[in-house]
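Peer 1: Have a look at this one before I ask anything.
Computed from the coordinates by the stated procedures, all read-outs in this text should not be read as laboratory data. Note that the structure is predicted; figures quoted are calculated from it, not measured. Because the Cβ atoms are built from the backbone with ideal geometry, glycine has one as well, and the counts that use them run over all protein chains shown.
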Amino acid sequence: MVAVNSIKNISVTLRVWRQAGPSQPGRFVDYPAKDCNPNMSFLEMLDVVNDNIERSGEDPIAFAHDCREGICGTCSLVINGKPHGPHRGIASCQTYMRSFNDGDVIVVEPFRAKPFPVIKDLISDRSSFDKIQQAGGFISIRTGSAQDANATPIPKEIADLAMDAAQCIGCGACVAACKNASAMLFVSAKVSQLGLLPQGQPERDSRVLNMVAKMDELGFGNCTNQYECSAVCPKLISHDFIARMNRDYIGASFRSAFRPKSACSSGGGA
Ligand code: SF4
Ligand code: FES
């Protein structure tokens with residue numbers, strides 16, 4: 001066990017991407033982060049650095065954050081070349097200064113991809129994900145009283161798989177890590193989350209066709225099986241969901257080609 005008084009503060013240099021606006025040129029600027037408690041989160045360290053920047057009269061570093069506990073998907077930092085930083089299965093906001101050594105130079109950049117244009121400094125516009133969701137990431141149901149909990153029995157292994165897919169927090173790290181800027185891990189998680197469950201069956205075909213079409217329209221690239229996406233995913237979404245989505249897409253395309261348009265809304269089993 002490490003004694004509390006043996007924890008030494010560290011000082012690092014941040015090399016941060018600064019960009020005043022979407023059409024402005026960007027550049028790296030160095031800032032000292034002195035005397036950081038190793039148990040500070042990376043975002044808390046950025047807060048302290050920003051206090052000092054503001055005191056000097058400069059514009060603070062813009063970065064996106066909300067929950068700061070790995071839930072919302074807002075934080076979006078590339079730390080030393082890796083979306084969400086050095087550790088597997090956690091978001092930028094769950095990275096702590098104890099992951100770094102005294103004297104380190106830490107390079108911090110925004111998520112970069114053509115469909116994620118930089119808005120300012122470390123903030124990218126990820127509204128393209130919202131557009132993909134709006135194209136089909138929902139179920140249409142009548143509202144009314146809540147059903148009894150066990151009204152629709154679902155086998156445990158199917159429910160577990162759907163819940164695995166539902167872990168996706170829509171952060172976009174998968175896109176930022178992919179050389180093709182592919183959004184297939186994100187889209188496959190959203191397609192599978194609903195397509196695995198009985199409630200998602202009526203729109204299963206139209207969902208996968210529309211979401212994939214929107215993904216292509218927005219300029220995301222295709223998957224070439226490098227799996228950089230699942231390697232950086234803070235929720236460890238498996239690339240197996242991409243294969244599942246491809247199967248769904250082929251089936252839906254086939255049915256769509258041979259059915260009148262108005263009848264193309266139902267899908268097969270899980
Ligand atoms: S699949 Fe993973 S990396 Fe991609 S948006 Fe979802 S949580 Fe983020
Ligand atoms: S700030 Fe919500 S996941 Fe990081």
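Peer 1: Mind listing the phi-derived Karplus ³J(HN,Hα) values for the stretch 27-37, rounded to whole Hz, using 6.51, -1.76 and 1.60 with θ = phi - 60°, and x for any glycine or proline?
Peer 2: Computed from phi, the couplings for the stretch 27-37 are 7, 8, 10, 8, 9, x, 10, 8, 6, 7, 5 Hz.
Peer 1: Tally the DSSP beta bridges in the chain and give the antiparallel ones as a percent, rounded to 5.
Peer 2: Antiparallel bridges make up about 75 percent of those DSSP assigns within the chain.
Peer 1: Run the quick spin-label model on ALA159 and ASP102: label points 7 Å from Cα toward the beta carbon, then report their separation in nm to one decimal.
Peer 2: So the two model labels end up 5.2 nm from each other.
Peer 1: If you average over every viewing direction, what projected area does the convex hull of the Cα atoms of the chain give, in nm²?
Peer 2: If you wrap the Cα atoms of the chain in a convex hull and average its projections, you get 18.6 nm².
Peer 1: Related question: Relative to the longest principal Cα axis of the chain, at what angle does helix 184-195 sit, 0 to 90 degrees, rounded to 10?
Peer 2: That helix lies at roughly 40 degrees to the long axis.
Peer 1: Order by neighbour count: HIS87, HIS65, fewest other Cβ atoms within 10 Å first, most last.
Peer 2: Sorted ascending by nearby Cβ count, the order is HIS87, HIS65.
Peer 1: What number in nm² do you get for the stretch 38-172 if you take the convex hull of its Cα atoms and divide its surface by four?
Peer 2: Numbers: hull surface 48.7 nm².
Dividing the Cα hull surface by four gives the mean projection, 12.2 nm².
Peer 1: Per residue of the stretch 48-59, what does 6.51 cos²θ - 1.76 cosθ + 1.60 with θ = phi - 60° give for ³J(HN,Hα)? Whole Hz please, x for Gly and Pro, Karplus curve as stated.
Peer 2: 5, 4, 5, 4, 5, 5, 5, 4, 7, x, 8, 5
Peer 1: Given a Förster radius of 45 Å and the C-beta distance between ASN150 and ASP125 as r, what FRET efficiency does 1/(1 + (r/R0)^6) yield to the nearest 0.05?
Peer 2: Working: r = 43 Å, r/R0 = 0.95.
According to the calculation, E is roughly 0.60.
Peer 1: How tilted is helix 240-258 with respect to the longest principal axis of the chain? Cα atoms for both, answer in degrees (0 to 90, nearest 10).
Peer 2: 40 degrees
Peer 1: So, one more: How do the peptides 181-187, 126-132, 143-149 rank, highest first, by the average count of neighbouring beta carbon atoms within 10 Å per residue?
Peer 2: Descending mean neighbour count gives 181-187, 126-132, 143-149.
Peer 1: Considering the alpha-carbon set of the stretch 48-110 alone, what are its Rg and its Dmax in angstrom?
Peer 2: 12.6, 37
Peer 1: Also, I was wondering about something else. Restricting to DSSP H runs of at least four residues, report the calculated mean residue ellipticity at 222 nm for the chain, -39500 (n - 2.57) per run over all residues, nearest 500 deg cm²/dmol. If you can, show how the numbers build up before the last one.
Peer 2: Numbers: 8 runs with 88 residues, N = 270.
Using -39500 (n - 2.57) per qualifying helix, the result is -10000 deg cm²/dmol.
Peer 1: What shape does the stretch 112-180 take by its C-alpha gyration tensor, where a ≥ b ≥ c are the square roots of the eigenvalues and a/c under 1.5 counts as rounded, a/b above b/c as prolate, and the rest as oblate?
Peer 2: prolate
Peer 1: Considering the stretch 77-122, what Rg and Dmax in Å follow from its alpha-carbon atoms?
Peer 2: Cα radius of gyration and Dmax of the stretch 77-122 are 11.6, 36 Å respectively.
Peer 1: For each of MET40, MET211, count neighbouring Cβ atoms within 10 Å of the residue's Cβ, then give the residues from fewest to most.
Peer 2: MET40, MET211
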